[in-house]
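As structure tokens, the structure follows; a few thoughts come after it.
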Number of protein chains: 4
Amino acid sequence: MTNYQKILDEIYEEIKPYLKEGKVANYIPALAQVEPNQFAMSINLFDGSSYHVGNSDKKFSIQSISKVFTFTKALKIYRKKLYNKIGKEPSGNPFNSLVQLEYESGIPRNPFINAGAIVVTDTLLSNYKTKDDTFDNILKFIQDISDEPNISFDKEVCFSEYEHGFRNVALANLMKSFNNIDNNIDDVIRTYFKQCSITMSTKELSRSMLFLANHGVDPITNKEFITQSQAKRINSIMLTCGHYDASGDFAFHVGLPGKSGVGGGIVAVVPKLMSICVFSPQLNSWGNSLAGTKALELFTSKTGLSIF
Amino acid sequence: MTNYQKILDEIYEEIKPYLKEGKVANYIPALAQVEPNQFAMSINLFDGSSYHVGNSDKKFSIQSISKVFTFTKALKIYRKKLYNKIGKEPSGNPFNSLVQLEYESGIPRNPFINAGAIVVTDTLLSNYKTKDDTFDNILKFIQDISDEPNISFDKEVCFSEYEHGFRNVALANLMKSFNNIDNNIDDVIRTYFKQCSITMSTKELSRSMLFLANHGVDPITNKEFITQSQAKRINSIMLTCGHYDASGDFAFHVGLPGKSGVGGGIVAVVPKLMSICVFSPQLNSWGNSLAGTKALELFTSKTGLSIF
Amino acid sequence: MTNYQKILDEIYEEIKPYLKEGKVANYIPALAQVEPNQFAMSINLFDGSSYHVGNSDKKFSIQSISKVFTFTKALKIYRKKLYNKIGKEPSGNPFNSLVQLEYESGIPRNPFINAGAIVVTDTLLSNYKTKDDTFDNILKFIQDISDEPNISFDKEVCFSEYEHGFRNVALANLMKSFNNIDNNIDDVIRTYFKQCSITMSTKELSRSMLFLANHGVDPITNKEFITQSQAKRINSIMLTCGHYDASGDFAFHVGLPGKSGVGGGIVAVVPKLMSICVFSPQLNSWGNSLAGTKALELFTSKTGLSIF
Amino acid sequence: MTNYQKILDEIYEEIKPYLKEGKVANYIPALAQVEPNQFAMSINLFDGSSYHVGNSDKKFSIQSISKVFTFTKALKIYRKKLYNKIGKEPSGNPFNSLVQLEYESGIPRNPFINAGAIVVTDTLLSNYKTKDDTFDNILKFIQDISDEPNISFDKEVCFSEYEHGFRNVALANLMKSFNNIDNNIDDVIRTYFKQCSITMSTKELSRSMLFLANHGVDPITNKEFITQSQAKRINSIMLTCGHYDASGDFAFHVGLPGKSGVGGGIVAVVPKLMSICVFSPQLNSWGNSLAGTKALELFTSKTGLSIF
């Protein structure tokens, strides 16, 4: 049987030189102050066992990883109708964000670029009516899938995002001009920034992804969160679109469905086997955790668990 | 044990209504004349067994499927250096083909869009010097991996491509202006069109992909064509970039690495298990075989073999 | 001596068939209700004489014509420093509005596209501090140059613009993300929509442009509003950028510096000779008054006053 | 009466510091070798008088100035039908050249960007059948309008253009793919490069533009080359599109219809009064003669002859 703890320990050793490279996200002061050289990694198996290395209890800003949770929630509610409002294709170039949105009449290419995640949050607002109820339900869902009631958000990060989020407000307004946002823009944007500023540890995040590795059903609690078909499709979108303009590179080097956040976290799943989370706040030039990406590459090399 | 023949037979029945939909490629006369309602499907396992339905001996124009072969060949020769000339990211929007090429200084996004495949052919020309030697080596490689000496190309299709291929010539010249084409443009283009006009049956194409399913080694002849790492990476690029602007959709619905051609063929692999080829010449709006895509979706639904 | 009244009367006759063509602006209800078949035209000479045809006292929404007034005002205040924030080149394609803004780091191509006019209004807010003072000074300036104290704005149109102005809010936020907007976005946008909803007649608008025809000095009151050099440059920008993506067409057919608004008005100047305003609310496919453009073309044909 | 010789002499003095700035075109070796600090300027009046400063007999490569001549010739032959194949709007951004051409289905925005000029040359080939006859007729036309039989082209420059003209070949092929090129691409391209490599002096070029200043009729020989309406329209397109992405800037600072070439020449007209040519081979960042642009700005400042 594979000795996962040993593999994680090896990775921790081999990753050390990479902890000096990259740059912490600095577009908002609250994130720029994070201690840069941190590293943690966790994996969760279907039998309930889990393995950890580094400070796996340290909470960090999940940022875009929240897009997986809200998309899952919205897909559960709206099913295929959701694809009237967002696509499922890679977006090409980050430079294109506004370009493609304008060319494609306000329909974002996928739920994991900012424009797409904003639309997803808008659909949740349509369902839960108030922005407080919407956020409570997002948080409740994350608590359910991670089987952990103590998850909340960082007010300072949230406020800081709001103070500097003009480009996201631009995206929301452009989509509203195409009738692809249904609620008040300020409500949508505030809810979106709140979900991005949720804080979790690698231990919690890895645990929260287990249902996606197991086709929608938490293998420990046996709760079915989504259907098998929905789980496969979320995984496929993570693989093709989970790392912005480095999605191809991540598929190429790591070979697992995954989603990164500028807070330095990356979640990934090995379908039918396990969930993974890695954290290291310094980012590569595409905005993904540098050491985190490297750690996942080492992991699939050592275990042969790439889906390819 | 799975009864693959029964599954193929079922798919053939269920696919019939779809054979009336879509449109045969009509950008060149030679392809427009193809009989539209054809269907064939083949799978090859590692033990040498294979299963077929429809007219699996019928040869058709492989078109863009040839890009997998030339990319494999070039990767074998140049290894990582090849990525100085082409990327490995999805290209976003077909409308962008020239846009992104210009914006990204003549470096195509991946080897499976036309610009990328033209660069790949150019690198083969640099290696084999003359266009005849280059094409002979491409053909020889395809004969080797498919274990089938009788493979050739359709002169009429090749000539027709050349007569109407102005956009591809535009791409080649644009890249040459950025110094990303090293050989005479007419030689590159003629070789490229020749490789596109190679004809093969589903039986041959499925057989030819077996080494990619088995991490670079033909499981029957035990010949190693490329390394395990290279095979995984070709598979990951097929998954993220294999179906133009419907790559996300294909990953979403089918969940296998694959590559389509406008001749109506699609090849796919189930890593560590099998290779597949389907043929039906009528295309959906993204230029991929309509019934072929549906057949592959049925296949992964029935067998549970999606990688997700 | 030219009989201008006769020429205007002829134009009024010849223009009649065109009054049935085109479409009233319908992006906001308040504009969509305008009576479609109206026509009026006014010219003002340096000796104080003026000529009119149609209902030249009828007030209409000046819309983008206000961009000439705010740009003039901002140029007077900031002089060449203003060009750090906006360019003076034609913008190419309307489809590109957000594209170019993103590509060119939030610096609009010229002051007559929406993004550019929003920046101009932002600079006026920086100068006058409050949005009320800013608008009062804009209005006061228009009253001065038109020598007419009774000019105000239409509250219903202003509110309607604000209710539907998501794309303009998107532009403002995108520019703010590039630090090219200095004030509160809502203040900038409200002031911008207020200036667009100012109402004037052809009589008033033609009078207001006389200083631009006369190199910055009102030839009747002798007030110098801007320098000769500034006046020439405003005229050159009107010629190259005054009619969105039909600026070349307007230069080609009319041959005068001019600026149109979606309310159906067009102002133009014959340098060193006269100012002109025409009004007819139905628009051609580029968003410029259809009969108005035709009337100006007839005018330069009949008088030989094209600058070319 | 204005002392034009004195004005030219003053300009020559004042321009001297600018002769050290800018960079000679270096995309082909044949142009890169030009002696950089040269300057010459010529003007021609309707009474036959002409004024010159610097080495006004020195022949240089006219490059894009040839686009005015071929467009004039094609407009004479095809009249309004020519606008089915090319537009008359500014093109925005040079970066967009291929972008807009693709977006707008192969119809270039105007006759003065490369794509547009290539289409114009293609229409001349359709009229004169062979490429030799076509070029002979282009040359003959230039000899006629300049009243000077000794005009020819530079074979070395022509060959050098052809050796490095991949981007232009890309444009031609892209347009051919949209059916907007009717003749053999190599014939079109060779003729185009030949016209660009014609050499003329400022004396000859200024003389050649006199008919455009005088509404289509050479004021000295009284030959009518085109109609008054055509002449006005060519002038309007020179004003809005004559200097690539610095057309607005040229209109703004100089205020005259003009056309530049990367050989360092700029022609301009003062409608109803005179024609001008200036030459200085070092270019500003937009590819227009740096000292030449400055000289023309000084000229309109000193004479008050801006059309605005």
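Some observations on this one:
- Inside the stretch A:28-54, residues that are closer than 24 Å to residue A:220 by Cα and not β-branched (Val, Ile, Thr) make up a count of 12.
- Residue C:119 vs. criteria within 30 Å of residue C:50 (Cα to Cα), in contact (Cβ under 8 Å) with a residue 24 or more places away in the chain and of a type in the set (A, V, I, L, M): no
- The sole residue among C:263, C:248 that is under 22 Å from residue C:97 (Cβ atoms) and at pLDDT below 95 is C:248.
- Residue within the stretch D:218-229 that is away from chain C (no Cβ under 14 Å), of a type in the set (A, V, I, L, M, F, W, C), more than 19 Å from residue C:254 (Cα to Cα) and outside any loop (DSSP other than H, G, I, E, B) present: no
- Boolean, residue A:205 is assigned to a helix (DSSP H, G or I), farther than 23 Å from residue B:248 by Cβ, among the aliphatic types (A, V, I, L, M) and away from chain B (no Cβ under 14 Å): yes
- Candidates B:213, B:251, B:246: the one that is in contact (Cβ under 8 Å) with a residue 60 or more places away in the chain and farther than 14 Å from residue B:69 by Cβ is B:213.
- Restricting attention to the stretch D:253-274 and to residues that are crowded, with 24+ Cβ neighbours inside 10 Å and over 23 Å from residue D:216 (Cα atoms), the residue that is nearest to the other protein chains (Cβ to nearest Cβ) turns out to be D:263.
- Taking the stretch C:158-209 as the range and being over 20 Å from the mean Cα position of the chain (by Cα) and either within 27 Å of residue C:268 (Cα to Cα) or basic (Lys, Arg) (or both) as the test, only C:176 passes.
- Hits in the stretch B:240-251 - residues which are closer than 19 Å to residue A:256 by Cα and surrounded by 24 or more Cβ atoms within 10 Å (Cβ to Cβ): B:240, B:241, B:242, B:247, B:248, B:250, B:251
- Taking the stretch A:83-96 as the range and being surrounded by 22 or more Cβ atoms within 10 Å (Cβ to Cβ), closer than 23 Å to residue B:255 by Cα and of a type outside the set (Gly, Ala, Ser) as the test, the residues that pass are A:86, A:88, A:89, A:90.
Conditions (1) more than 14 Å from chain C (Cβ to nearest Cβ); (2) buried (at least 21 other Cβ atoms within 10 Å of the Cβ), marked per residue:
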| residue | (1), (2) |
| --- | --- |
| D:81 | yes, no |
| D:98 | no, yes |
| D:104 | no, no |
| D:110 | no, yes |
| D:113 | no, yes |
| D:116 | no, yes |
| D:122 | yes, yes |
| D:137 | yes, no |
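- Selection count where residues are within 25 Å of residue B:54 (Cβ to Cβ), surrounded by fewer than 24 Cβ atoms within 10 Å (Cβ to Cβ), β-branched (Val, Ile, Thr) and out of contact with any Lys or Arg (no Cβ under 8 Å at 6 or more places or on another chain), scope the stretch B:184-225: 1
Results for (1) within 21 Å of residue C:31 (Cβ to Cβ); (2) in contact with a Leu (Cβ under 6 Å, 6 or more places away or on another chain); (3) hydrophobic (A, V, I, L, M, F, W, C), shown as yes or no for each residue.
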residue: C:189; (1), (2), (3): yes, no, yes
residue: C:206; (1), (2), (3): no, no, no
residue: C:210; (1), (2), (3): no, no, yes
residue: C:217; (1), (2), (3): no, no, yes
residue: C:224; (1), (2), (3): no, no, no
residue: C:227; (1), (2), (3): no, no, no
residue: C:232; (1), (2), (3): no, no, no
residue: C:246; (1), (2), (3): yes, no, yes
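- Residue list for the stretch D:275-292, filter: touching a helix residue (DSSP H, G or I) at 6+ places or on another chain (Cβ under 7 Å), away from every other protein chain (no Cβ under 14 Å) and among the hydroxyl-bearing types (Ser, Thr, Tyr): D:280
- Those residues of the stretch A:92-110 which are modelled with pLDDT of 80 or more and not in a helix (DSSP H, G or I), in sequence order: A:104, A:105, A:106, A:107, A:108, A:109, A:110
- Of all residues in the stretch C:231-245, those being closer than 21 Å to residue C:21 by Cβ and within 7 Å of chain D (Cβ to nearest Cβ) number 1.
- Any hit, the stretch D:69-78, residues being surrounded by fewer than 17 Cβ atoms within 10 Å (Cβ to Cβ) and away from every other protein chain (no Cβ under 14 Å): yes
- Residue A:193 being of a type in the set (Phe, Trp, Tyr), outside any loop (DSSP other than H, G, I, E, B) and touching a Gly at 6+ places or on another chain (Cβ under 7 Å): yes
- Test for residue D:301: is it modelled with pLDDT of 95 or more, in contact with a strand residue (DSSP E or B) (Cβ under 7 Å, 6 or more places away or on another chain) and hydroxyl-bearing (Ser, Thr, Tyr): no
- Complete set of residues in the stretch B:60-75 that are polar (S, T, N, Q) and either assigned to a helix (DSSP H, G or I) or touching a Pro at 6+ places or on another chain (Cβ under 6 Å) (or both): B:63, B:64, B:66, B:70, B:72
- The condition of being in a strand (DSSP E or B) and among the basic types (Lys, Arg) holds for only one of C:302, C:272, C:294, C:259, that being C:259.
- Among the residues examined, residue C:173 qualifies as among the polar types (S, T, N, Q), within 14 Å of chain A (Cβ to nearest Cβ), in contact (Cβ under 8 Å) with a residue 12 or more places away in the chain and out of contact with any Lys or Arg (no Cβ under 6 Å at 6 or more places or on another chain).
- Flag if residue A:145 is hydrophobic (A, V, I, L, M, F, W, C), out of contact with any strand residue (DSSP E or B) (no Cβ under 7 Å at 6 or more places or on another chain) and within 30 Å of residue C:101 (Cα to Cα): no
The rows are residues; the columns are (1) assigned to a loop (DSSP other than H, G, I, E, B); (2) at pLDDT 95 or above.
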| site | (1), (2) |
| --- | --- |
| C:1 | yes, no |
| C:8 | no, yes |
| C:15 | no, yes |
| C:31 | no, no |
| C:38 | yes, yes |
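- Of the set (1) in contact with a helix residue (DSSP H, G or I) (Cβ under 9 Å, 6 or more places away or on another chain); (2) at pLDDT 95 or above, all apply to residue C:202 but (1).
- For residue D:56: the one exception among (1) at pLDDT 95 or above; (2) within 14 Å of another protein chain (Cβ to nearest Cβ); (3) not in a helix (DSSP H, G or I): (2)
- Single condition residue A:303 does not satisfy, out of (1) more than 9 Å from every other protein chain (Cβ to nearest Cβ); (2) touching a Ser or Thr at 6+ places or on another chain (Cβ under 8 Å); (3) buried (at least 20 other Cβ atoms within 10 Å of the Cβ); (4) not acidic (Asp, Glu): (3)
The values are calculated or read from the model by the stated rules, or taken from the named source; none is laboratory data. From a predicted model like this one, the values you see are computed outputs, not experimental measurements. Neighbour counts are summed over all protein chains in view; Cβ atoms, including those assigned to glycine, are modelled from backbone coordinates with ideal geometry.
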